[in-house]
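Heads up: the structure comes next, in C-alpha cells.
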Amino acid sequence: MERSITSGSGSISVRRATARDAKRLTRLVRGSRAYEGQYAAMVAGYRVGPDYIESHRVFVATDGDDGHVLGFYALILSPPELDLMFVADQSQNRGVGRLLVAHMQTEARAAGLDRVRVVSHPPAEGFYRSVGAVRVGTAYATPPAVAWDRPELEFLIPADGSGP
C-alpha cells in the first residue's frame, strides 16, 4: 500500500523498501542528530542490511519530486513492534513522521494486530505520544549496548480504523 501527502514543500510518498535502499537507510540512521553525544555509540556501527529489509516490513518515505529518502520505519509482526523509525534531520517538521506512523498503523491493522510496542529513543517519546502512543513502562538499560533507560510505549490499533 502506498500513501502520500502533499505539504508546502512538495509531495511525500511511502513505499515498501527494497534491498537497494539498505545503504541509504544505514546512512540515515548513523547520521541522525538525535543520536549525537551520549547516544552516538548506539548507532555508530548500526547497519540496516538487505536481509533485514527483505525479512521485515520496512517502508520508506520519499520526496515525490526526486525520490529522495526522507525517513523510514520497520514493523515487526511477532511480537508486534515498531523496531525502527527515523526521519532525516532536514525532513523534520514536514509531516513525514506522522505519515509514517499512520502508514504503520494501517499496515498493523491489515496484519490483524491490535497493538504495536515501541521502545523509544528517550528524546523521541514526545513525538510518539503526540501521535497517539501511550507510555506503558520502561525498558531498563542493558550496558554496554544501551547505557540508558528508554520509555516503552504502545500504539493501540482499532480494528475499524478509528482513533488517532
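The values are calculated or read from the model by the stated rules, or taken from the named source; none is laboratory data. Fair warning: this is a prediction, and the values are worked out from it, not measured in the lab. Heads up, the Cβs are rebuilt from the backbone with ideal geometry, glycines too, and the neighbour counts pull from every protein chain shown. Heavy atoms of the whole protein, side chains included, go into the accessibility calculation; ligands, DNA and RNA do not. Shrake-Rupley method; radii C 1.70, N 1.55, O 1.52, S 1.80 Å.
Using only DSSP helix segments of four residues or longer, with each worth -39500 (n - 2.57), what per-residue ellipticity at 222 nm results for the chain after dividing by its residue count and rounding to 500? So the helix-based figure for the chain works out to -6500 deg cm²/dmol. Subtracting the Cα-Cα distance of ARG115 and ARG16 from 0.36 nm times their residue separation leaves 33.5 nm of extension gain. Maximal additional length on extending the ALA145-ALA40 stretch stands at 36.7 nm, based on 0.36 nm per residue less the C-alpha distance. When both segment 52-76 and segment 97-164 are represented by their alpha-carbon centers, they are found 17 Å apart.
Label separation (ARG135 vs ASP51): 3.7 nm, computed from points 7 Å beyond Cα along the C-beta direction. Karplus-based coupling profile of segment 121-131, in residue order and whole Hz: 5, x, x, 8, 4, x, 4, 4, 5, 5, 10, with θ = phi - 60° in 6.51 cos²θ - 1.76 cosθ + 1.60 and x standing for Gly or Pro. Largest GNM mean-square fluctuation among SER32, SER55, SER120, using the chain with Cα springs under 10 Å: SER55.
Just check segment 24-63 against the gyration tensor rule for me: Cα atoms, a ≥ b ≥ c as the square roots of the eigenvalues, rounded for a/c under 1.5, and otherwise prolate or oblate depending on whether a/b exceeds b/c. Oblate shape, in that a/c is at least 1.5 and b/c is the bigger or equal ratio. Accessible surface ranking for ASP83, ASP63, 1.4 angstrom probe, highest first: ASP83, ASP63. Charge dipole of the chain (Cα centre as origin; +1 on each Lys and Arg Cβ, -1 on each Asp and Glu Cβ, all else neutral): 180 debye, rounded to the nearest 20. Note on GLN90/ASP160: beta-carbon distance plugged into 1/(1 + (r/R0)^6) with R0 of 41 Å gives a FRET efficiency of 0.65.
Less than 5 angstrom separates the built amide H of GLY64 from those of SER11, ILE12, SER13, all sequence-distant by 5 or more or on a different chain. Ligands, DNA and RNA are left out, and with a 1.4 angstrom probe the accessible area of segment 44-119 is 43 Å² per residue.
Compared with the rule-of-thumb size 2.2 N^0.38 Å for a compact globular protein, segment 82-164 has a Cα radius of gyration ratio of 1.14.
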